[in-house]
Amino acid sequence: MTAEIRIRRLLIAGLVAGLIVNIGEATLHAGILGEATTAAYAALNRTVVPNVMNLVLLIALTFAQGILMAWLYAVIRPGFRSRDSRCLR
């Protein structure tokens, strides 16, 4: 039962982290770098071909990255717990 709760928490934390990263990337690429990217493509005589599958894949990979980050934190965290108590003494 305990493992299920931890896995559920890990997935929730990973999905929240992935959502935050997706929002940050959307803001960065659409809002901040949008004009610069368009100018770069124009300088290279390229056109941006919107592909829905690429966008879906990038979003899914970012959520997977969030889950991986949460898992890595959960794996590394117990090793640092013993040091925390030594630092507070």
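Give me the pairs, please: first residue somewhere in segment 64-88 and exposed (fewer than 10 other Cβ atoms within 10 Å of the Cβ), second residue anywhere and at pLDDT 85 or above and assigned to a helix (DSSP H, G or I), beta-carbon distance under 7 Å, and either six or more positions apart or on two chains.
none
Filtering segment 7-47 down to residues that are hydrophobic (A, V, I, L, M, F, W, C) and not in a helix (DSSP H, G or I), which residue is modelled with the lowest pLDDT?
Residues of segment 7-47 hydrophobic (A, V, I, L, M, F, W, C): 7, 10-13, 15-17, 19-21, 23, 26, 28, 30, 32-33, 36, 39-40, 42-44.
The next check asks that each one be not in a helix (DSSP H, G or I); those that pass are 33, 44.
Numbers: L33: 89, L44: 92.
Filtering segment 7-47 for residues that are hydrophobic (A, V, I, L, M, F, W, C) and not in a helix (DSSP H, G or I), the one modelled with the lowest pLDDT comes out as L33.
Just a yes or no: is a residue in segment 62-73 at pLDDT below 90 and out of contact with any Gly (no Cβ under 6 Å at 6 or more places or on another chain)?
Taking segment 62-73 and keeping what is at pLDDT below 90, we get 73.
With the extra rule that they be out of contact with any Gly (no Cβ under 6 Å at 6 or more places or on another chain), the set shrinks to 73.
Checked segment 62-73: at least one residue is at pLDDT below 90 and out of contact with any Gly (no Cβ under 6 Å at 6 or more places or on another chain).
Please specify each residue of segment 21-47 satisfying the condition of being of a type in the set (G, A, S), more than 17 Å from F63 (Cα to Cα) and under 21 Å from the mean Cα position of the chain (by Cα). Steps first, please.
First, pick out the residues of segment 21-47 that are of a type in the set (G, A, S): 24, 26, 30-31, 34, 36, 39-40, 42-43.
Among the residues that remain, those that are also more than 17 Å from F63 (Cα to Cα) are: 30-31, 34, 36, 39-40, 42-43.
A30, G31, G34 - these are the residues of segment 21-47 that are of a type in the set (G, A, S), more than 17 Å from F63 (Cα to Cα) and under 21 Å from the mean Cα position of the chain (by Cα).
The values are calculated or read from the model by the stated rules, or taken from the named source; none is laboratory data. As the structure is a prediction and not an experimental result, all values here were calculated from the model. Backbone-built Cβ (ideal geometry, glycine too); neighbour counts: all protein chains shown.
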